[in-house]
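Structure record follows, encoded as structure tokens.
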Amino acid sequence: MGEKVRVGLIYGGKSGEHEVSLRTALAVMGEFDFSRYEVKPFYITTDGQWHTADVLLAPPADVAALRLNGTERADATAIGSGGALAPVFQGLQAGSANEAGNGSIDVIFPLLHGTFGEDGTVQGLLEMANIPYVGAGVLASAVGMDKVMMKKVFAHEGLPQCMFRYFNRTQWDKETDYYVTEIEVSLGYPCFIKPANLGSSVGISKAKNREELIEAINYAFRYDRKVIVEEFVDAREIEVSVLGNDEPKASVPGEIRPSNDFYDYKAKYIDGTSVMEIPANIPALTSEAVREMAIRAYQAIDGSGLSRVDFFMRKSDGELFINEVNTMPGFTPFSMYPLMWQETGLPYRELLDTLIELALQRHADKQRIDYGGGSPL
């Protein structure tokens, strides 16, 4: 077989989803085919410091081994946020890692969830450096992270959604009474309160009265400067995995039955007692509709690589409402994205191979674009 592809895995990060990223990184590293890939870790601490280590010869034993700022690996070194990606950028102009012979990276897999990683910031840095990377581009990442902008795009696409209201911290501080009244009149109780820019159910609360609403909004502002409040719909939670670039495909749908009042952080990543039914026990026509809507949503935000698209299916009449698109879904043992593809016929390891191939294909396609360096005539 040919030379190995060198993959740089970036994980950790400054967001509230730091621990989720570590769990994802551990799972992904455990499934890579080390006969085909050289895997180099890049760990970002919660305060934004970058650390790296030598190429992995085998998967790490546990999450503790991923924290390269500790003593778990003697080869781990701090590279500082200022020169964080110097080892990644090195030698890229000379060709691939093996052609250059200088340890450069062929493709980056950013296993970062939430702000400073899944929101287009790291993607923009990699675009400027012209480095191939797995997953959504700058625009799709930014829109997919901002729930308000995402819902505006969905509305333009004509996708059905639950009612919502949103405001920033300044607006809330100046007109608290107005927004409380607006929420009570237009959405009612119970309702869900979320930071506009975050995922993994971090900072999300369910309010049943005014006191809980105000407390939940103030809590959500811990995680973002903008908050979104959504109406409650008595619904089943249906999810679909999407994979591809310009011609994406959708997996069989799955259903989440939360162990808690709703699918919060604990239910997702800690207790593991929520029930995942794959494929979802829904009518064939509903399954077809949810997959079609998932691809429409994916293309509406200009998705690439992968996304998980989440829906509500109202219990009273089966009507579907799109909830959100997650452009870097978790890959933990409890995560729906790889499990749905596994049920569709694409095992975890082959899924990783496909994501790497899609990243390299997308990068090659972008090299055909004239960004203004040549003559327009």
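Could you please find all residues in region 216-231 being open to solvent by 20 Å² or more (accessible area, probe 1.4 Å), touching a Gly at 6+ places or on another chain (Cβ under 8 Å) and within 19 Å of THR181 (Cβ to Cβ)?
GLU231 - this is the single residue of region 216-231 that is open to solvent by 20 Å² or more (accessible area, probe 1.4 Å), touching a Gly at 6+ places or on another chain (Cβ under 8 Å) and within 19 Å of THR181 (Cβ to Cβ).
Can you name the number of the only condition in (1) small (Gly, Ala, Ser); (2) part of a helix (DSSP H, G or I); (3) at pLDDT below 95 that ALA297 fails?
Going through (1) small (Gly, Ala, Ser); (2) part of a helix (DSSP H, G or I); (3) at pLDDT below 95 one by one, ALA297 breaks only (3).
Out of (1) open to solvent by 20 Å² or more (accessible area, probe 1.4 Å); (2) closer than 30 Å to GLY345 by Cβ, the odd one out for GLY254 is which?
Failing condition for GLY254: (1).
Do the conditions hold for GLU175, that is, is it free of Cβ contacts under 8 Å to residues at least 24 places away in the same chain and closer than 28 Å to GLU17 by Cα?
So GLU175 fails the test.
Which residues, taken from region 193-215, are of a type in the set (A, V, I, L, M) and in contact with a Cys (Cβ under 9 Å, 6 or more places away or on another chain)?
Hits for region 193-215 are ALA207, LEU213.
Of all residues in region 16-31, which are open to solvent by 10 Å² or more (accessible area, probe 1.4 Å) and not in a helix (DSSP H, G or I)?
GLY16
Can you name the residue in region 43-89 that is of a type in the set (S, T, N, Q) and at pLDDT 85 or above and is also farthest from GLY12 (Cα to Cα) among such residues?
If we take residues in region 43-89 being of a type in the set (S, T, N, Q) and at pLDDT 85 or above, then THR52 is farthest from GLY12 (Cα to Cα).
Within region 176-194, work out how many residues are assigned to a helix (DSSP H, G or I) and either in contact with a Pro (Cβ under 6 Å, 6 or more places away or on another chain) or surrounded by 17 or more Cβ atoms within 10 Å (Cβ to Cβ) (or both).
Matching residues across region 176-194 total 2.
Among the residues of region 113-166 satisfying the criterion of being free of Cβ contacts under 8 Å to residues at least 40 places away in the same chain and of a type in the set (Gly, Ala, Ser), which is surrounded by the fewest Cβ atoms within 10 Å (Cβ to Cβ)?
Looking at the filtered set, the residue picked out is GLY158.
Just the residues that are of a type in the set (Val, Ile, Thr) and in a loop (DSSP other than H, G, I, E, B), please, taken from region 328-377.
Matches in region 328-377: THR332, ILE369.
Tell me, which residue of region 228-259 that is among the acidic types (Asp, Glu) and assigned to a strand (DSSP E or B) is farthest from the chain's Cα centre (by Cα)?
The residue in question is GLU231.
Can you find a residue in region 271-291 that is of a type outside the set (Gly, Ala, Ser), out of contact with any strand residue (DSSP E or B) (no Cβ under 7 Å at 6 or more places or on another chain) and modelled with pLDDT under 90?
Yes - at least one qualifying residue is present in region 271-291.
Quick one: count up the residues across region 36-55 that are assigned to a strand (DSSP E or B) and more than 14 Å from PHE109 (Cα to Cα).
Final tally of qualifying residues: 3.
How many residues, within region 195-227, are within 29 Å of the chain's Cα centre (by Cα), modelled with pLDDT of 95 or more, outside any loop (DSSP other than H, G, I, E, B) and not small (Gly, Ala, Ser)?
Selection size over region 195-227: 10.
If THR327 satisfies all but one of (1) in contact with a strand residue (DSSP E or B) (Cβ under 6 Å, 6 or more places away or on another chain); (2) closer than 21 Å to PHE109 by Cβ; (3) open to solvent by 30 Å² or more (accessible area, probe 1.4 Å), what's the number of the condition it fails?
(3)
The values are calculated or read from the model by the stated rules, or taken from the named source; none is laboratory data. Note that the structure is predicted; figures quoted are calculated from it, not measured. In this analysis, Cβ positions are derived from the backbone assuming ideal geometry, glycine residues included, and neighbour counts consider all displayed protein chains. When the accessible area is computed, the model is the full protein with side chains, heavy atoms only, and any ligands, DNA or RNA have been set aside. Shrake-Rupley method; radii C 1.70, N 1.55, O 1.52, S 1.80 Å.
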